């Protein structure tokens, strides 16, 4: 079936994500790009986003993952992918209909636009507070949501269907004064209103805590230790939101290397697929089929419709559906049935189960796993590929 | 040895499954000869715009609040009008497939339902509703509503059609999530060994996840060996994703797989802009899927109740982009042969400025737990509602089921 140009662009992006995860020398950057994309999630199915996500990830997310949070926040706020996704590009002051090109009696392109867009849209304002910065318990009200939405009126897209790029359209902007989280933003600020909101949010203590919690949840445990979060949040505040410094605080912490953090996380489908291919030294010439396997396990890439992104906790990936898809994937992988991916299991020939398991897991397998494999084969000769597949299907391999 | 026993059990089942009906399926089927009652919960993720799903066309204020996206009153020649239900409310025209079910009094509508919690966050509000505990998050109401499993309980007694187990079904009772069961292709030997690794794993979290997965998996694989032909002229195709999920539920119920509670979901309701076309599309799927399920189940609908819910409704007034923003009160559907349908339930709070919640949203006059309580006791036989909905005391029943209508 022929694919549209937009589908080719998003397809390439998905395949590139797999190649980078498999082969990049900058693994921390990859993990962080995945993390921040999910934090500032955009869904491929909205507006023109299928064609824009490559730029969104490359230009708005990736350059800032070890930079300042405020730069990252601003880059996402202004990117057409986000402006489409959370509808801000259409949000405008209701006053537009009393004055200027939208006033009744006028005609022309403005009237055409007026039929589609004629007032405020809260979508971006709310998710900016709830998901991108303060967190849902970060201390904001419905009035703050409305005030933030008013500040961002006019942050829109030039030529949406030809050459989508950020533009501030003064005629759409709500010029009145606003109060955001107790800060008064004076009348007539224009584009500066949105910048002022970004500044308030980037320096808010709730943001420091929320971002630190999310990072610690990604790297340490589903319920990260509060003391660690506090120290990371202090670094965040002290360094003006320097994400490299926040990560350094986390990586150098006792908690990060503690026993409680060892194998505390359940792998996501992307992590399962990539870690299995890497453990087996798979030679991936075409990652198309692997992209499909990640989707089969419940994590279609760039395709999470809700702005919260994928959940980063164990219960998100522990289900019958997931276990079934995973066993099927591993079985196909070790038996060379995934197109574009070559696995050579001869290096396991002549080794016993414990040795193969140690090699693939990087540690000793549990006695239960060894016993299950031994009992299953009842003393018969085991093909190296089958042993490898079973080890990768084991509970041990599901953790990181 | 436990390991060996499980492996042998797995092998035996595979052999049995190759030809005849496997014995465990026969057992599960036998245990359901008493025509078990079933509760199916459907979650509309993204906050469905109740005011355009069931249209209060009798309210002048409705048309003032929604000059662009409002659905015209029945009989209007101006665009596609609402389908009249009772002279006050009408179905969105895209819900035409549900009208015959309303006429047969199988479909009840509960207006102005929702949560007492004021959150307008999708994710918190979904969690609260799925927990059945507004304001706090815990395991799922439908899991707590299940009676203790008897010795013949099926591994498929509580099933979600999704890639991950939704909060609604998380909890102490075993419940499983499956999506596309056709995906499973590993050989039986592999599956048996992996089952053994999981069952005996010292990793409690993973052992728990694996516990129910494998028995369910074998049962579904076995059912899949026979192609499925929906009955009653049911057309699941137009129902999209939800149609596919309900078809799998129908298939399991008809095979006598021992289903007691099922969960399915349908996304795509968050219409902040350009609502009319998008809402029509998703409603067409929603209505077609429900209608197909009813047609397919036929007489069996006497034992089944389907209930639909969404985390909150949307602003009474349309926003600046032919859409609506996050609101409060919403609408729920209750569908089944034992439902006292053909009636709009609940107290209508009105749409005048002072009647709206916080001056902008439809108020909630019926707690969603009132609806669910009635269905939980009627369908699952669970009378200890304090355990299902802690810190909530239901009032008089709404009378949604024929059995409760007499009391109400």
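Only the coordinates and a few stated rules stand behind these numbers; no lab work does. Predicted, not measured: the structure shown is a model, and the values here were computed from it. Note that each Cβ is placed from the backbone with ideal geometry, even for glycine, and that neighbours are counted across all protein chains shown.
Given R₀ = 25 Å, FRET efficiency for residue B:403-residue B:136 by Cβ-Cβ distance, to 0.05? Mind showing how you got there, number by number?
Working: r = 31 Å, r/R0 = 1.25.
Computed FRET efficiency for residue B:403 and residue B:136 comes out at 0.20.
All alpha carbon pair distances within chain B were sorted into 20 Å bins beginning at 0; the resulting P(r) in whole percents reads 27, 55, 17, 1. Computed over chain B with a Gaussian network model linking Cα atoms closer than 10 Å, the most mobile of B:174, B:196, B:373 is B:196.
Against the empirical 2.2 N^0.38 Å (N residues), the range B:51-192 has a Cα radius of gyration ratio of 1.47. Within the listed set A:194, A:379, A:125, the Gaussian network model of chain A (springs between alpha-carbon atoms below 10 Å) gives the highest mean-square fluctuation for A:379. Working note: Cα atoms of the range A:289-400, range along each principal axis, descending, whole Å: 50, 31, 22. Looking at chain B, the DSSP beta bridges with both ends there are about 40 percent antiparallel. For the range A:116-153, the residues whose amide N sits under 18 Å from a probe point set 7 Å from the Cα of residue A:184 along the beta carbon direction are A:144, A:147-148, A:151. Each residue, residue A:258 and residue A:227, gets one label point 7 Å from its Cα in the Cβ direction; the gap between the two is 0.6 nm.
Which value in deg cm²/dmol, rounded to the nearest 500, describes the helix-derived mean residue ellipticity at 222 nm for chain B, given -39,500 (n - 2.57) per DSSP H run of n ≥ 4 and division by the residue count?
Working: 14 runs with 142 residues, N = 408.
That calculation yields -10500 deg cm²/dmol at 222 nm.
Which angle from 0 to 90°, rounded to the nearest 10, does the C-alpha axis of helix A:5-23 make with the longest principal axis of chain A? Around 50 degrees separate the two axes.
Taking Cα pairs under 8 Å and at least six residues apart, what relative contact order does the range B:50-205 come out at, in percent?
Details: 166 pairs, mean separation 18.3, N = 156.
It rounds to 12 percent for the range B:50-205.
As a footprinting exposure proxy, order A:17, B:60, B:254, A:293 by other Cβ within 10 Å, with the fewest listed first.
Result, fewest neighbours first: B:60, B:254, A:17, A:293.
Calculate how many DSSP beta bridges within the protein assembly as shown are antiparallel, expressed in % of all such bridges and rounded to the nearest 5. Counting only bridges with both partners in the protein assembly as shown, antiparallel ones make up about 55 percent.
Based on a Kirkwood Rh over C-alpha pairs, give the Stokes-Einstein translational diffusion coefficient of the range B:33-85 at 10 °C and viscosity 1.306 mPa s in µm²/s. Write down the numbers at each step before the final one.
On the way: Rh = 13.6 Å.
The diffusion coefficient I find is 117 µm²/s.
Across the range A:276-400, Cα pairs under 8 Å and at least six residues apart give a relative contact order of 30 percent.
Note that the range A:7-71, at 4 °C in a medium of 1.567 mPa s, gets a Stokes-Einstein diffusion coefficient of 105 µm²/s from its Kirkwood radius over C-alpha pairs. Taking a point 7 Å out from the Cα of residue A:16 in the direction of its Cβ, none of the residues of the range A:334-363 has a backbone N less than 11 Å from it. What shape does the protein assembly as shown have by the C-alpha gyration tensor, where a ≥ b ≥ c are the square roots of the eigenvalues, rounded means a/c under 1.5, and otherwise prolate means a/b greater than b/c and oblate the rest? In terms of gyration-tensor shape, oblate. Each label point was placed 7 Å from the Cα along the Cα-to-Cβ direction; for residue B:172 and residue A:55 their separation is 5.5 nm.
Got a sec? How would A:89, B:141, B:269 order by Cβ neighbour count within 10 Å, fewest to most?
On the way: A:89 28, B:141 25, B:269 22.
So the residues, fewest neighbours to most, are B:269, B:141, A:89.
With springs connecting C-alpha atoms under 10 Å apart, model chain B as a Gaussian network and identify which of B:390, B:116, B:155 has the largest mean-square fluctuation. Evaluated over chain B, the most mobile residue of the options is B:390. Between the range A:339-391 and the range A:2-30, what is the separation of their alpha carbon centroids in Å? Each part's Cα centre sits 31 Å from the other's.
The calculated FRET efficiency for residue B:353 paired with residue B:86, based on their beta-carbon distance and R0 = 25 Å, is about 0.45.
Distance from the Cα centroid of the range A:160-226 to that of the range B:318-334 is 25 Å (rounded to whole angstrom). Counting only DSSP H runs of at least 4 residues, each contributing -39500 (n - 2.57), and dividing by the residue count of chain A, the helix-based mean residue ellipticity at 222 nm comes to -14000 deg cm²/dmol.
Placing R0 at 56 angstrom, the Cβ-Cβ distance between residue B:78 and residue A:337 gives a FRET efficiency of 0.45 after rounding to 0.05.
Compared with the dominant principal axis of the Cα atoms in chain B, helix B:275-297 is inclined by about 50°.
Going by the alpha-carbon gyration tensor, a ≥ b ≥ c the square roots of its eigenvalues, is the range A:254-355 rounded (a/c under 1.5) or, if a/c is not under 1.5, prolate (a/b greater than b/c) versus oblate?
On the way: a/c = 2.08, a/b = 1.22, b/c = 1.71.
It comes out oblate by the Cα gyration axes.
Gain on full extension, evaluated as 0.36 nm per residue between residue A:177 and residue A:137 minus their Cα-Cα distance, stands at 11.8 nm.
How high is the relative contact order of chain A, in percent, counting Cα pairs under 8 Å that sit 6 or more residues apart? Could you put the intermediate results ahead of the total?
Working: 572 pairs, mean separation 62.0, N = 400.
Dividing the mean separation by the residue count of chain A yields 15 percent.
In the range B:71-93, whose amide N lies under 16 Å from the spot 7 Å out along Cα-to-Cβ of residue B:61? List them in ranges. Counting only backbone N, you get B:89. Counting every other Cβ atom within 10 Å of each residue's Cβ, A:352, B:296 order from fewest to most as A:352, B:296. Roughly how tilted is helix A:142-151, in degrees to the nearest 10 and between 0 and 90, from the longest Cα axis of chain A? Orientation of helix A:142-151: about 70 degrees from the principal axis.
Assuming 0.36 nm per residue, please report the length gained on full extension of the stretch residue A:25 to residue A:344 beyond their Cα-Cα distance.
112.6 nm
Take the Cα of residue A:279, step 7 Å toward its Cβ, do the same at residue A:238, and the gap between the two points is 3.9 nm.
Given axes a ≥ b ≥ c from the Cα gyration tensor, I'd like to know whether chain A is rounded (a/c under 1.5), prolate (a/b larger than b/c) or oblate. Taking the square roots of the gyration eigenvalues as a ≥ b ≥ c, chain A is prolate. Mind grabbing the base-10 log of I(q)/I(0) for the range B:360-408 at q = 0.16, 0.20, 0.25, 0.31 Å⁻¹? Debye formula, identical points on the C-alpha positions, no solvent, two decimal places. Here the Debye-derived log intensity ratios amount to -0.46, -0.67, -0.95, -1.26.
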